[in-house]
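What follows is a set of notes on a single structure, which appears directly below.
Each reported figure results from applying straightforward, stated rules to the coordinates on display, with no laboratory input. Not measured: the values here are computed from a predicted model. Every residue, glycine among them, receives a Cβ derived from its backbone with ideal geometry; neighbour counts consider all protein chains shown.
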Amino acid sequence: MLIAQMSDTHIRPKGVLAMGRVDTAGHLARAVAHVIALRPVPEVVLVTGDLVDAGMAEEYAHLRELLAPLAMPVYLIPGNHDLRDPLRAAFGDHRYLPPGDFIQYVVDDGPVRLVALDTLTPGAPHGELCARRLDWLEERLTESGKPTILFMHHPPFECGLKEFDEARLNVGADRLGAIVQRRPNVERILCGHVHRPIQMRWAGTIASVAPSTAHQATLGLSPDAPLMYSMEPPAVALHQWRPGVGLVTHLSYIGEYDGPYPF
Ligand SMILES: [Fe+2]
Ligand SMILES: [Fe+2]
């Protein structure tokens, strides 16, 4: 099973650049073409939040057009730049998107179970998992001992980039950690939000952040580093499950690079 993870697509209305500078739609179109050209072709695509930039219906309609070339199932979750109702309205045929207060769901038709968590707190940059969302997770994890991937927008750990650490999963991370710690079948917690590739051992599993398909956060590890972005190469994360091996994660960089040449 090959799972592609895209993150932080930040789509704007047609003809509008993100932050007046970044052509996030052009970047997503290239990311989609990149995923389609991979061999083997990923069976599933996860998009881990900040799907659009301002939660606008027009942005979700644009996102929908940009994702349309993907023939495999595409699973969406909201980030802090998203709004649940316009997201659901634009993707009404994405039957897995539940009605109600939160966009949490399970995809269980392959060797790895995918559990989507909704960390959105409307109007705030940080993430939350309240008791209701975590109760739901505990129930879902009790149903099956299959290898499981959790995916959510906000990372639960401090990554060392001050501005992002102040707006990580600020509420519910301790209980999430306690739940995951008891479940060795949780193979990964896949996140976005930070616009960089990052990994950490967390609560006995591997928590990771995938880069953005567009702009990346600059690597500012000093405590006074300002919040900046740059156009470092974008990438998609590829998570490959093989029986007898487990889940191995790669980054696949989007763009034109010299090579390949034989070793
Ligand atoms: Fe983002
Ligand atoms: Fe975010």
Spatial separation of Cα centroids for the stretch 151-213 and the stretch 32-92, in angstrom: 21 Å
Lys/Arg +1, Asp/Glu -1 at C-beta; the chain dipole; positive extreme among HIS34, ASN170, LEU120: HIS34
Residues with amide H under 5 Å from that of HIS10, placed H, sequence gap 5 or more: LEU51, VAL52
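Could you check what % of the DSSP bridge pairs in the stretch 159-263 are antiparallel, to the nearest 5? Write out the running numbers ahead of the final one.
Details: 15 of 19 bridges.
Beta bridges within the stretch 159-263, antiparallel portion: roughly 80 percent.
I want to verify the translational diffusion coefficient of the stretch 2-253 in µm²/s; compute it with Stokes-Einstein, Rh as the Kirkwood radius over Cα pairs, at 37 °C and 0.692 mPa s.
For the chosen part, D equals 182 µm²/s.
Which order do ASP108, ASP53, ASP224 fall in if you start with the one that has the fewest other Cβ atoms within 10 Å? All intermediate terms of the calculation are to be shown ahead of the outcome.
Values: ASP108 14, ASP53 21, ASP224 6.
So the ranking, lowest neighbour count to highest, is ASP224, ASP108, ASP53.
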Interchain or long-range residues, amide H under 5 Å from ARG168's placed H: GLY127
Charge tally in the Cβ shell below 12 Å around MET231, where Lys, Arg are +1 and Asp, Glu are -1, MET231 excluded: -1
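Per the helix-only calculation at 222 nm, which mean residue ellipticity applies to the chain, given -39500 (n - 2.57) for every DSSP H run of n ≥ 4 and division by its residues, nearest 500 deg cm²/dmol?
Details: 6 runs with 58 residues, N = 263.
The per-residue figure over the chain is -6500 deg cm²/dmol.
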Share, in percent, of DSSP beta bridges within the chain that are antiparallel, nearest 5: 50 percent
5 angstrom amide H check on HIS195, placed H, neighbours 5+ away: SER212
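Counting other beta carbons within 10 Å of each residue's own, what order do ARG175, ARG132 fall into, fewest first?
Details: ARG175 16, ARG132 12.
Ascending Cβ contact count within 10 Å gives the list ARG132, ARG175.
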